[in-house]
Amino acid sequence: GEDVEQSLFLSVREGDSSVINCTYTDSSSTYLYWYKQEPGAGLQLLTYIFSNMDMKQDQRLTVLLNKKDKHLSLRIADTQTGDSAIYFCAETPGTGNQFYFGTGTSLTVIP
Amino acid sequence: DSGVTQTPKHLITATGQRVTLRCSPRSGDLSVYWYQQSLDQGLQFLIQYYNGEERAKGNILERFSAQQFPDLHSELNLSSLELGDSALYFCASSVGPGGFTDTQYFGPGTRLTVL
């Protein structure tokens, strides 16, 4: 399968911005996604970006895509304790049916 | 609450056994997807069914099989279980046959422990 990599842990103080990074290898990726997984719960789609976009903003979330470097980031502004979770990036090559997920980044927000 | 239900929530069994995991998609969703989340393999796509037919296949072992029934619920069958099959199994559903903007909604998962 495709390689999608993320750093495993990130710790930030409440009110600061968090930046979660992701790199992928498949140059044919058309859509890239960010999912959030809270403890004991399933994955929740946060946002996605089409590969011909550089940036997408949705309230406190900003997604940046550098297609040349195959680098995706998720910035969470004014991070809150409720943002503590594992964040997965995912990409879909080809037809878009099969998702390849990153390893997940565990975000801890310190009050 | 995503509207996707999975049963059972937890399952403990022994090596060599067979288990069946069940998923009910959101009302109106025709696709069901199965994923395995384990510590060493991360989150992996296993298989997708759309309206009763297999639509896409990922890293699903031959010991595993799935089906989608006429009422659109799906079952994932895991046989000849090994210790390494211990994982969280997620089901997701979407309205359409898949594709980039066909949002997948995830269930809470079934935690399988093989002893």
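The values are calculated or read from the model by the stated rules, or taken from the named source; none is laboratory data. Since this is a predicted model, take the numbers as computed values, not measurements. Cβ coordinates were reconstructed from backbone atoms using ideal geometry, including for glycine residues, and neighbour counts include every protein chain displayed. Calculation scope for accessible area: heavy atoms of the full protein, side chains included, ligands and nucleic acids excluded. Shrake-Rupley method; radii C 1.70, N 1.55, O 1.52, S 1.80 Å.
Between A and B, roughly 1700 Å² of accessible area is buried in total, ligands, DNA and RNA not counted and the probe set to 1.4 Å.
Largest mean-square fluctuation among B:GLU82, B:GLU53, B:GLU62, in a Gaussian network model of chain B whose springs join Cα atoms under 10 Å apart, belongs to B:GLU62. Remark: C-alpha extents of the protein assembly as shown on the principal axes read 48, 36, 31 Å, sorted largest to smallest. Measuring nothing but how far apart in sequence close Cα pairs (under 8 Å, 6+ apart) lie, relative to its length, chain A scores a relative contact order of 39 percent. On the protein assembly as shown, 48 percent of the accessible area sits on carbon and sulfur atoms, based on a 1.4 Å probe. In order along segment B:40-49, the phi-based Karplus estimate (6.51 cos²θ - 1.76 cosθ + 1.60, θ = phi - 60°) of 3J(HN,Hα) comes to 8, 9, x, 9, 10, 6, 9, 6, 10, 10 Hz; Gly and Pro are listed as x. Under the convention that each Lys and Arg Cβ holds +1 and each Asp and Glu Cβ holds -1, the size of the dipole of segment A:22-111 around its Cα centre is about 140 debye. So for the protein assembly as shown, taking the charge dipole from beta-carbon charges (+1 Lys/Arg, -1 Asp/Glu), which of A:SER17, A:PHE101, B:SER65 sits furthest toward the positive end? Ranked along the dipole, the leading option is B:SER65.
In this label model, B:ARG22 and B:GLU54 are separated by 2.4 nm, measuring between points 7 Å along each Cα→Cβ vector. The lysines within cross-link reach of A:LYS56, meaning a Cα-to-Cα straight distance under 27 Å and a gap of 8 or more places when in the same chain, are A:LYS36, A:LYS67, A:LYS68, A:LYS70. Taking amide H positions as modeled 1.01 Å from N, with prolines and chain starts lacking one, the residues under 5 Å from B:ALA66 and 5 or more places away or on another chain are B:ASN77. Here the dipole of the protein assembly as shown is about 140 debye; that uses its Cα centre as origin and unit charges on the Cβ of Lys and Arg (positive) and Asp and Glu (negative). Taking 7 Å steps out from each Cα toward its Cβ at A:SER27 and A:ILE110 produces label points 4.2 nm apart. Based on C-alpha pairs under 8 angstrom that are at least 6 apart in sequence, chain B has a relative contact order of 37 percent. Put the Cα centre of segment B:31-59 next to the Cα centre of segment A:23-48 and the gap is 15 Å.
Seen from a random direction on average, the alpha-carbon convex hull of chain B projects onto 6.6 square nanometres.
Each principal axis of the Cα cloud of chain A was evaluated for its coordinate range; sorted largest first, these ranges are 42, 28, 20 Å. Here the spin labels are modelled as points 7 Å beyond Cα on the Cα-Cβ line, and at B:VAL95 and A:ARG13 they lie 4.4 nm apart.
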